[in-house]
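**Q** One structure, as structure tokens, below. Some questions next.
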Amino acid sequence: MGLWLTYLRRTPLLIFLLGYTVLTGGPFVWVASMSLRTTAEIFADPYALPTRPHWGKFAEAWMGSNYSTYFRNSTIVVASAVALVTVIGAMTAHCLARYQFRTRRLLRFVILAGLVLPPQMLILSLFQIMLDYHLYDTLPGLALVYVATQLAMTVYLLEGFFAQIPQDLFDAARMDGYSDFEIFWRITLPIGVPAIFTTVVLNFVTLWNEFLYAVVLMTDDDERTLPLGIMHFMGSHQLDVGMLATGLMIAIIPIVLIYALFSETMIRGMSAGAIR
Amino acid sequence: MAVVAIDGLSKQYGGAGDFAVRDVTLTVADGEFVVLLGPSGCGKSTVLRMIAGLEPISAGSIAIDGRVVNQVPAKDRDIAMVFQSYALYPHMTVYNNLAFGLRRRGVARAEIDQRVRRVADMLGLGSYIERRPHALSGGQRQRVALGRAIVRAPKVFLFDEPLSNLDAALRVSTRNELIRQQHALATTTIYVTHDQVEAMTMGDRICIMNQGRMVQIGAPLEVYHAPADTFVARFLGNPPMNLLRARLTSAAEPTLELDGTPFTLTGWSASALAPFVDQPIILGIRPEDLYETPDEVAEGPPRLLDVAVEAVELLGAETLLLLGLTGERQELIARVGRRTDLRPGATTRIALDAGALHLFDPATGKAISRPGAEPHKRES
């Protein structure tokens with residue numbers, strides 16, 4: 001009796017979760033199945049499962065449509081931007097969380113203001129700046145823009161976590177003879193690993209999918225990132241749905257892998273307070 | 001091994017406003033164990049942090065072995081500190097926690113290993129050496145924190161309420177362990193606590209602080225038996241010293257009047273008491289210097305006081321009586337034997353040990369000294 005009641009109570013939650021899964025997982029499964037079918041097959045029956053999977057489409061997309069270049073560009077831009085924003089963000093967050101100095105509040109306000117400014121507002125002036133510094137249409141330029149856009153969120157997340165590390169640990173390390181930078185390197189960073197992981201994953205996913213800045217700041221086909229490449233597919237191939245789905249899958253795979261590998265660590269970081 | 005000389009030490013946060021610490025002067029001899037005792041917020045931890053180099057000094061100086069260290073960074077003072085929270089590095093094993101400070105100082109790897117293992121064995125941590133702090137009990141963490149200080153063999157140990165996170169039983173055993181280690185190492189030690197039992201049992205001298213100032217310093221029993229003012233009188237001792245409003249009627253043959261009863265005082269000189277004649281005065285007496293029957297008073301003729309028993313706390317080994325004076329509304333606590341028959345509502349005549357009385361100036365709270373008093377003569 002009691003067991004039935006427990007099940008009954010859980011039913012609404014189960015229904016909600018089921019609906020949510022179908023809503024989010026459904027399109028993914030659909031695209032995945034389309035990526036293995038030809039455009040002709042898809043037009044014949046859009047919702048059917050692949051009867052004879054065309055794995056060769058992946059190789060075709062990779063070789064024939066400049067996809068390898070897009071993938072390489074995305075990897076270079078996103079990896080360097082994430083690495084840079086993590087290092088700068090962690091150092092900034094450490095200073096804001098740990099030191100009292102005169103301009104601390106102002107500095108924090110200026111950095112965190114980046115959270116509320118919509119990119120559309122910045123994009124024209126950014127375009128001009130990039131031109132002036134000869135960074136327009138270059139991979140390092142885009143990476144720098146990405147660092148700037150993600151810095152606010154990174155500092156915000158990390159500062160919250162770092163501020164919870166007890167001050168006594170830093171005092172103890174000072175008594176043990178360590179300098180300020182060594183304390184950051186040997187105490188803050190290792191203890192902050194879960195939070196740092198969280199920002200790495202969030203930044204990676206956000207930047208891997210980033211479209212607006214890329215479409216404005218990159219025009220040369222050889223410099224395009226994956227999201228632009230996918231759009232390119234639509235134009236040049238007159239909406240080749242089958243190839244588009246294959247391209248999407250190639251773009252999605254790294255993100256799926258990252259989530260699969262690091263979701264646990266990330267959740268731990270987000271529900272912080274992990275210091276005992 | 002070091003002498004720590006503190007001279008006129010003061011601390012003002014933000015360089016202005018109230019003093020957190022004001023004009024503290026104290027010299028800790030080589031190998032001595034000095035306890036800074038006081039209520040929370042009295043500035044004792046701030047003094048410790050200034051000695052450690054974790055807090056800038058607003059005024060005054062701190063010298064270690066004659067060298068003023070005001071501007072010397074914490075890492076170069078050769079001081080080790082044990083924190084209340086232990087402050088163990090959570091991402092390192094016990095071994096690495098102990099070795100962390102030695103590595104920075106460029107000690108050879110083999111020597112680090114030898115010293116870490118020796119200290120770990122000494123503190124009974126040998127089998128936990130590869131564990132991380134979260135896998136240790138509170139007492140074990142405390143010992144790691146202690147070991148981290150010991151392994152560096154510093155000139156001075158600083159302790160900031162190291163026992164306050166332990167449960168009662170563990171606190172007693174760790175306290176004894178600490179005393180033993182300090183005696184064995186004979187390192188100059190400054191220990192901060194708000195626990196008077198720790199202060200009384202551990203320190204060679206205790207230094208009592210209140211509102212940022214040093215109120216009294218001396219050997220534990222000396223401070224206990226001759227408190228400098230009413231704050232110290234109430235702060236040391238549990239239950240605290242009874243402070244009663246009385247009136248000095250004569251200085252030549254020192255007599256005071258308490259609750260309508262005249263008391264002759266012994267030991268005070270007429271000149272010390274002269275300013276207080278016909279003035280109110282505060283009479284202090286510790287609960288253990290009150291007796292149920294006059295025969296229990298060891299020295300001199302007892303003074304008797306009529307009281308009503310308001311409450312009785314049977315503690316097993318002893319009994320605490322909450323008493324009210326029959327005339328004026330004043331309360332006092334007496335610590336008597338466990339076999340008392342007194343019950344609430346009873347009236348009785350309680351005996352005071354005249355040799356154990358204290359007098360305080362009601363205006364300043366300062367003790368009126370009794371030149372002949374010899375605090376160590378009495379047993380306690």
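**Q** Taking only the Cα atoms of the protein assembly as shown, how large is their convex hull per residue, in Å³? Mind dumping the intermediate values first?
**A** Working: hull volume 180.4 nm³, N = 656.
Convex hull volume per residue, Cα atoms: 275 Å³.
**Q** With contacts defined as alpha carbon pairs under 8 Å and 6 or more residues apart, what's the relative contact order of chain B in percent? Provide the component values of the computation, followed by the final result.
**A** Working: 780 pairs, mean separation 57.1, N = 380.
Dividing the mean separation by the residue count of chain B yields 15 percent.
**Q** Which listed residue (A:LEU17, A:ILE250, A:PRO46) has the Cα farthest towards the positive end of the charge dipole for chain A, taking +1 on Lys and Arg C-beta and -1 on Asp and Glu C-beta about the Cα centre?
**A** Farthest towards the positive pole: A:LEU17.
**Q** So how strong a dipole does chain A carry about its Cα centre when Lys and Arg Cβ are +1 and Asp and Glu Cβ are -1, to the nearest 20 debye? Numbers along the way, then the final one.
**A** Details: 16 positive and 18 negative charges, 202 e Å.
Once rounded to the nearest 20, the dipole reads 980 debye.
**Q** If the cut-off is 29 Å between C-alpha atoms, which lysines fall inside it for B:LYS155, apart from same-chain ones fewer than 8 positions away?
**A** B:LYS11, B:LYS44, B:LYS75
**Q** Å³ per residue of the Cα convex hull, for the range B:117-265? Intermediate values should be presented prior to the final figure.
**A** Working: hull volume 23.1 nm³, N = 149.
Dividing the Cα hull volume of the range B:117-265 by its residues yields 155 Å³.
**Q** Then there's this: Between B:THR266 and B:THR293, what's the calculated FRET efficiency when r is the beta-carbon distance and R0 is 22 Å? Round to 0.05. Mind dumping the intermediate values first?
**A** Numbers: r = 21 Å, r/R0 = 0.94.
So the FRET efficiency works out to roughly 0.60.
**Q** Follow-up. Report the Cα-based extents of the range B:225-345 along its three principal axes, largest first, to the nearest Å.
**A** 45, 28, 28
**Q** In degrees between 0 and 90, to the nearest 10, how far off the longest principal axis of chain B does helix B:168-185 point, with axes built from Cα atoms?
**A** 70
**Q** I've got another one for you. Would you mind calculating the gained length between A:TYR47 and A:VAL116 on full extension (0.36 nm times residue separation, minus the Cα-Cα distance), in nm to one decimal? All intermediate terms of the calculation are to be shown ahead of the outcome.
**A** Working: separation 69, 0.36 × 69 = 24.84 nm, distance 4.06 nm.
So the extension gain works out to 20.8 nm.
**Q** Hey, got the dipole for the range B:236-360? About the Cα centre, +1 on K and R Cβ, -1 on D and E Cβ, debye to the nearest 20?
**A** Values: 10 positive and 18 negative charges, 37 e Å.
Dipole size: approximately 180 debye.
**Q** While we're looking at this one, here's another question. Please work out the Cα center distance from the range B:1-56 to the range B:88-111, rounded to the nearest Å.
**A** So the separation of the two Cα centres works out to 29 Å.
**Q** Can you give me the relative contact order of the range B:252-315 as a percent, contacts being Cα pairs under 8 Å and 6 or more apart?
**A** 21
**Q** Sorted from fewest to most neighbouring beta carbons within 10 Å, what does the list A:MET249, A:MET34 look like?
**A** Least to most surrounded, the residues fall as A:MET249, A:MET34.
**Q** Here's a follow-up. How big is the Kirkwood radius of chain B, worked out from every pair of different alpha carbons and given in Å to one decimal?
**A** 23.3
**Q** Between B:GLU313 and A:THR24, what is the label-point separation in nm under the 7 Å Cα-to-beta-carbon projection?
**A** Here the answer is 5.8 nm between the modelled labels.
**Q** Where the only charges are on Cβ atoms (+1 Lys, Arg; -1 Asp, Glu), what is the dipole of the protein assembly as shown about its Cα centre, to the nearest 20 debye? All intermediate terms of the calculation are to be shown ahead of the outcome.
**A** Values: 57 positive and 61 negative charges, 251 e Å.
I would put it at about 1200 debye.
**Q** Of A:ALA195, B:SER61, B:LEU342, whose Cα points farthest to the positive end of the dipole of the protein assembly as shown (charges on the beta-carbon: +1 Lys, Arg; -1 Asp, Glu; origin at the Cα centre)?
**A** A:ALA195
**Q** How high is the relative contact order of the range A:61-270, in percent, with contacts defined as C-alpha pairs under 8 Å that are six or more residues apart?
**A** Values: 197 pairs, mean separation 69.5, N = 210.
With pairs under 8 Å counted, the relative contact order is 33 percent.
**Q** With a 10 Å Cβ neighbour count serving as the proxy for reagent exposure, in which order, fewest first, do B:CYS207, A:CYS95 appear?
**A** Starting with the residue having the fewest Cβ neighbours, the order is A:CYS95, B:CYS207.
**Q** Where in chain A are the helices, taken as whole DSSP H runs, whose Cα atoms extend 24 angstrom or more along the long axis and whose Kyte-Doolittle mean reaches at least 1.6? Please list the in-between numbers first.
**A** Numbers: long enough: A:2-34 (46 Å, 1.06); A:67-98 (45 Å, 0.99); A:139-162 (32 Å, 1.45); A:241-270 (39 Å, 1.74).
Helix filter hits for chain A: A:241-270.
**Q** Can you work out the base-10 log of I(q)/I(0) for the range B:4-231 at q = 0.08, 0.12 1/Å, using the Debye formula on its C-alpha atoms alone?
**A** -0.29, -0.66
**Q** Simple spin-label model, 7 Å along Cα-to-Cβ: A:LEU239 to B:SER173 in nm?
**A** About 7.9 nm, to one decimal.
**Q** Which aspartates and glutamates have a Cα lying under 19 Å from the Cα of A:LYS57, excluding residues fewer than 8 positions away in the same chain?
**A** Partners within reach: A:GLU41, A:ASP45, A:ASP240.
**Q** Would you kindly state how much longer the chain becomes between B:ASP113 and B:THR201 on full extension, computed as 0.36 nm times their sequence separation minus their alpha carbon distance, in nm to one decimal? Please report the intermediate quantities before stating the final value.
**A** Numbers: separation 88, 0.36 × 88 = 31.68 nm, distance 3.43 nm.
Full extension from B:ASP113 to B:THR201 adds 28.3 nm.
**Q** Just to confirm my numbers, what's the Cα centroid distance between the range B:222-260 and the range B:270-284 in Å?
**A** After rounding, the separation between the Cα centres reads 11 Å.
**Q** For A:SER179 and B:GLU328, what is the calculated FRET efficiency with R₀ set at 56 Å and r taken between the beta-carbons, to the nearest 0.05? Before the final figure, lay out the partial values.
**A** Working: r = 65 Å, r/R0 = 1.15.
Given R0 = 56 Å and the Cβ-Cβ separation, E is 0.30.
**Q** A further question on this structure: With the dipole of the range B:177-321 worked out from charges on the C-beta (+1 for Lys and Arg, -1 for Asp and Glu) around the Cα centre, which of B:MET214, B:PRO227, B:PRO294 lies farthest toward the positive end?
**A** The residue sitting farthest along the positive end of the dipole is B:MET214.
**Q** So if I take the centroid of the Cα atoms in the range A:148-198 and the same for the range A:56-92, what is the distance between those two points in Å?
**A** 28
Since every read-out is calculated from the coordinates, none of them should be taken as a lab result. Keep in mind that this is a model prediction, so the values were computed, not measured. For neighbour counting, all protein chains shown are included, and Cβ atoms are generated from backbone atoms with ideal geometry for every residue, glycine included.
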